[in-house]
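Peer 1: Here it is, the structure in full.
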Amino acid sequence: MSELDDNPKGFSNPTGFSSAWIAAIVVGVLAGLGGLIWCYTLGSRLSVQETALADAKQQNVKLASDLRETDARLRVATEELGSSLGITQKQMDARAQDILNREEADSKRLESAQKQTAQQVNNVSNEVSSVKTDVGGVKSDLGKTQSDLATTISQLTSMRGDLDGHSSLIARNHDELELLKHKGDRNYYEFSLAKGQKKPVGTVSLQLKKADAKRSKFTLVVYSDDKQYEKKDRNLNEPLQFYSGKEPLLFEIVVNSVGAKNGQITGYLATPKNAPTPPNVQ
């Protein structure tokens, strides 16, 4: 074929390249330009990232330096505090352990004390129960004693005195006198007198002038309120009555025995509860 056949439209191609080849070259050039642009953009972004990374590294270095400085300051402050307190960490630990040991010991002592207290409370409760039982028994015994006392007192002899016909209960011996004392309505003063002896009894004085053991008789002189009363040839267990005091109160003497060998008499003086008492008697 001739050159005219290869260029039917009449365009000239001085270089001798075909259109397809030219197009391929253009595409390649454009692709190369695009690659260069993309590489430039990527490089720019990479540079920014490297800058940021470098800044971050610098910040990390600064933070690490600040942290080391803070740790150092903290160590110095801790050492200064320990030094100012005069103790070391080991001593502080030892003291803390000692406090814990004391608390544990106190807790054990408290637990032991609580157990002992509970035991004591239990013992006291048992003792109280026992005491209640004993009190019940005592009350029963007291009631029986009071009943026996009332029965015994009712059996005491009532005698008419030698003054104005007054009658009263008398005691014929020491045991019966104790019963009268328990009755509690009079004061009683026991006495013993030898023949010719004069002695104070209560707020009066008594003198034995004569005693006859065989006949169970005696003669007694009573000294009261600057007066004297002679009770002549009186019998045992006979109430001898007289009045005494600023406001006259009825006093009574009872002689229970006359000694056969020495003529000594024993007996008691009974006075009203409101009568004066001698200074040495409460």
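Peer 1: From the phi of every residue in the range 232-242, what ³J(HN,Hα) in whole Hz does the Karplus formula 6.51 cos²θ - 1.76 cosθ + 1.60 yield, where θ is phi - 60° and glycine or proline is x?
Peer 2: 9, 6, 9, 9, 5, 6, 9, x, 9, 10, 7
Peer 1: Take each of the peptides 71-78, 238-245, 268-275, 179-186, average the number of other beta-carbon atoms within 10 Å over its residues, and list them starting from the highest.
Peer 2: Ranking, from highest mean packing down: 238-245, 268-275, 179-186, 71-78.
Peer 1: Any of Lys217/Lys273; Lys246/Lys273; Lys210/Lys231; Lys183/Lys231; Lys209/Lys231; Lys181/Lys231 with alpha carbons more than 18 Å apart? Name them for me.
Peer 2: Pairs exceeding the cut-off: Lys217/Lys273; Lys183/Lys231; Lys181/Lys231.
Peer 1: Once each part is reduced to its C-alpha centroid, what is the distance from the range 54-77 to the range 216-282 in angstrom?
Peer 2: With the range 54-77 and the range 216-282 each reduced to a Cα centre, they are spaced 118 Å.
Peer 1: Apply the Karplus curve 6.51 cos²θ - 1.76 cosθ + 1.60, θ = phi - 60°, to the phi angles in the range 175-181 and return the couplings in whole Hz, x for Gly and Pro.
Peer 2: In residue order, the calculated couplings are 4, 5, 5, 4, 5, 4, 4 Hz.
Peer 1: In whole Hz, what ³J(HN,Hα) sequence does the range 210-215 give by Karplus (6.51, -1.76, 1.60; θ = phi - 60°), x for Gly and Pro?
Peer 2: 8, 9, 10, 5, 5, 8
Peer 1: Among Gln207, Tyr268, Leu177, whose Cα projects farthest towards the positive end of the dipole of the range 169-282, with charges put on the beta-carbon of Lys, Arg (+1) and Asp, Glu (-1)?
Peer 2: Gln207
Peer 1: Quick one: net charge of Arg186's neighbours, Cβ under 9 Å, K/R +1, D/E -1?
Peer 2: +1
Values in this text are rule-based calculations from the coordinates and carry no lab data. Predicted model, so just to flag it, every value in this text is computed and none were measured. Neighbour counts run over all protein chains shown; Cβ positions are idealised from the backbone, glycine included.
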